[in-house]
Amino acid sequence: MKLATIRTASGTRAVRLDGESHVDLGHTDLGELFARPDWRAEAAAATGTTYPVDGADFAPVVPNPSKVICVGHNYTNHIKEMGRDLPSHPTLFPKFAETLLGAGDDIVKPDETDALDWEVELAVVIGRTVRRADEQQAADAIAGFTVMNDISARDWQFRTIEWTQGKIWEATTPVGPYVVTPDEVGGVRPSLEVRTVVDGQVMQHDDTGTLLFDPVFLVRYISTVISLKPGDIIATGTPAGVGNARDPKVFLLPGQNVVTEISGLGACTNKVVAA
């Protein structure tokens, strides 16, 4: 299944893609749906109001997750381009609900940064509560996958050795358009092509099969530290090709269009605008 949260005249709605239509699932958003113990069967059987796919206004797939956990340094090529050693453990940092955008929303460049960078990422969406998950529990907790553009303000990120301030700028992180269930993409360890294209130029191109720490491992690792709840998001890291690692460095400017796409999942297509 491909599931989304769309904006309508009466508020956000959780929907299932069905051909050229979105079928209403009876919930305001996917976070509310995933909190249901039988959400898969409920979503598959829904026959509610339909909305056209053409012109759909996508909200963040989960507008208000309890947590967004991001992983740094998880593709070998990206680790090398940033001049670092391969890590023994995942590098984790948080984002917050206020950072999230819909898949087609404008990215408003903050006035305070001159180093706004792109980062295409496979994102895991959690479908059941887990704590200290074993292998099977971690796999079963994955509701599906989506696309995230982990926009980073590099000048703020590298002010200190702790990255968070460069990662949490309000309304800068597109996520969507769909949460795609694992059965549609080859399982819970999918091998999917990932790309970033800025104004028609390919900037990043890799495959999720080369992740250092795969989605199941990350659910196990993170759930050891803190409970993962339905609707929580894990961003699994970005491949080589970010603007900060180029010589000379290249960053996003108002007027540019940035597309982050993953095969089988869709794309976030966003215009960068001035504040």
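The values are calculated or read from the model by the stated rules, or taken from the named source; none is laboratory data. As the structure is a prediction and not an experimental result, all values here were calculated from the model. Cβ coordinates were reconstructed from backbone atoms using ideal geometry, including for glycine residues, and neighbour counts include every protein chain displayed.
Can you tell me which of A41, A35 is free of Cβ contacts under 8 Å to residues at least 12 places away in the same chain and either farther than 22 Å from D183 by Cα or outside the structural domain of A171 (by TED's automatic domain parsing) (or both)?
On the way: A35 fails: free of Cβ contacts under 8 Å to residues at least 12 places away in the same chain.
The match here is A41.
If a residue must be charged (D, E, K, R) and within 16 Å of the chain's Cα centre (by Cα), how many such residues does region 190-203 contain? Before the answer, list the steps.
In the first step, residues of region 190-203 are kept if they are charged (D, E, K, R); the result is 193, 195, 199.
Filter once more, so that each one left must be within 16 Å of the chain's Cα centre (by Cα): 193, 195.
Number of matching residues: 2.
Restricting region 124-143 to residues that are of a type in the set (S, T, N, Q) and part of a helix (DSSP H, G or I), the residue that is farthest from K67 (Cα to Cα) is Q136.
Among the residues of region 251-275, the ones that are surrounded by 17 or more Cβ atoms within 10 Å (Cβ to Cβ) and either among the polar types (S, T, N, Q) or outside any strand (DSSP E or B) (or both) come to 7 in all.
Yes/no per residue for (1) in the same structural domain as V125 (by TED's automatic domain parsing); (2) free of Cβ contacts under 8 Å to residues at least 24 places away in the same chain:
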{"residue": "A45", "(1), (2)": "no, yes"}
{"residue": "G48", "(1), (2)": "no, no"}
{"residue": "D54", "(1), (2)": "no, no"}
{"residue": "K67", "(1), (2)": "yes, no"}
{"residue": "C70", "(1), (2)": "yes, no"}
{"residue": "H73", "(1), (2)": "yes, no"}
{"residue": "H78", "(1), (2)": "yes, no"}
{"residue": "G83", "(1), (2)": "yes, yes"}
{"residue": "L86", "(1), (2)": "yes, no"}
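Restricting A143, A97 to those that are in the same structural domain as R220 (by TED's automatic domain parsing), buried (at least 22 other Cβ atoms within 10 Å of the Cβ) and within 16 Å of the chain's Cα centre (by Cα) reduces the list to A143.
Within region 116-127, does at least one residue satisfy the condition of being surrounded by fewer than 16 Cβ atoms within 10 Å (Cβ to Cβ) and touching a residue at least 60 places away in the same chain (Cβ under 8 Å)? Scanning region 116-127 turns up no residue that is surrounded by fewer than 16 Cβ atoms within 10 Å (Cβ to Cβ) and touching a residue at least 60 places away in the same chain (Cβ under 8 Å). In region 50-96, the qualifying residues are those that are hydroxyl-bearing (S, T, Y) and part of a loop (DSSP other than H, G, I, E, B), and the one that is modelled with the lowest pLDDT is S88.
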